[in-house]
1. Determine the equivalent ellipsoid of the range 87-128 by diagonalising the alpha-carbon gyration tensor, then write out the semi-axes as square roots of 5 times the eigenvalues, largest first, rounded to whole Å.
2. Dipole magnitude of the range 10-148 about its Cα centre, charges +1 at Lys/Arg Cβ and -1 at Asp/Glu Cβ only, in debye to the nearest 20?
3. So who's got an amide H within less than 5 Å of the one on residue 67, skipping anything under 5 residues away but keeping other chains? H placed 1.01 Å off N, in plane.
4. Enumerate the whole-percent occupancy of each 10 Å bin, from 0 to the last occupied one, for all C-alpha pair distances of the chain.
5. Counting other Cβ atoms within 10 Å, keep those with at most 14, restrict to DSSP loop, and tell me which trypsin sites (Lys or Arg not before Pro) in the range 13-71 are left.
6. Which three extents, in angstrom, do the Cα atoms of the range 66-150 have along their principal axes, listed largest first?
7. Please build a GNM for the chain, connecting alpha carbons under 10 Å apart, and tell me which residue among 117, 125, 36 fluctuates the most.
8. Summing -39500 (n - 2.57) over the DSSP H runs of n ≥ 4 in the chain and dividing by its residue number, what mean residue ellipticity at 222 nm do you reach, to the nearest 500 deg cm²/dmol?
Amino acid sequence: MDTHITRGSHRLRLHRTSGRALITTCCADRQPLLADPVAAALVLESLQWLDAAQRLLLHVAVVMPDHLHFVADPLGGDWPSLLRMMKSFTANRVGKCLQYDGKLWQTQYHDRRIHSDAQLAVAIDYCLQNPVRAGLVATASEWPHSWSRL
């Protein structure tokens with residue numbers, strides 16, 4: 001059996017199922033399905049609900065037109081389970097909102113472990129500045145589809 005682990009390998013993710021992380025997940029085929037303000041609000045609210053239910057400790061979340069960034073600590077399970085739950089819930093709610101019966105999310109996601117307070121600060125800034133880097137707003141505070149614990 002091949003146990004070689006390469007960068008980007010699915011085997012690498014098998015060992016990163018818990019711990020504080022920056023999570024990025026994209027809409028299926030990078031469709032801008034979350035450009036709709038109601039759809040974006042539903043995704044943001046679902047993450048806030050997971051935080052309130054103590055399933056995760058949410059530090060920041062930014063919903064972009066075709067993807068989502070957030071930084072959190074998983075409290076009530078591992079990342080694959082939490083993301084499966086969040087994606088299923090939001091796919092149903094956003095699908096009804098947009099009258100869309102296609103796939104909302106890509107199956108995979110990208111996670112980057114955060115090991116220190118300095119890395120946490122960088123990850124939060126990275127998320128909040130994403131709409132600015134994308135040219136959607138001039139300042140991070142203008143983006144309506146973000147939330148930060150700070």
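1. Numbers: eigenvalues 198, 27, 11 Å².
Equivalent ellipsoid of the range 87-128: 31, 12, 8 Å, largest first.
2. Working: 14 positive and 12 negative charges, 103 e Å.
Taking the Cα centre of the range 10-148 as origin, the dipole is about 500 debye.
3. Correct list: 27.
4. With 10 Å bins starting at 0, P(r) equals 11, 41, 36, 10, 1, 0.
5. On the way: sites: 13, 16, 20, 30, 55; in loops: 16, 20, 55.
Here the trypsin sites (Lys or Arg not before Pro) that fit, given the DSSP loop and packing criteria, are 16.
6. Taking max minus min along each principal axis of the Cα atoms, the range 66-150 gives 40, 34, 20 Å.
7. 117
8. Computed mean residue ellipticity for the chain: -12500 deg cm²/dmol.
Taken together, the values in this text are just the output of simple stated rules run on the coordinates, not laboratory data. Remember, predicted model here, so these are calculated numbers, not experimental data. Using ideal geometry, Cβ is built from the backbone for each residue, glycine included, and neighbour counts are taken over all protein chains shown.
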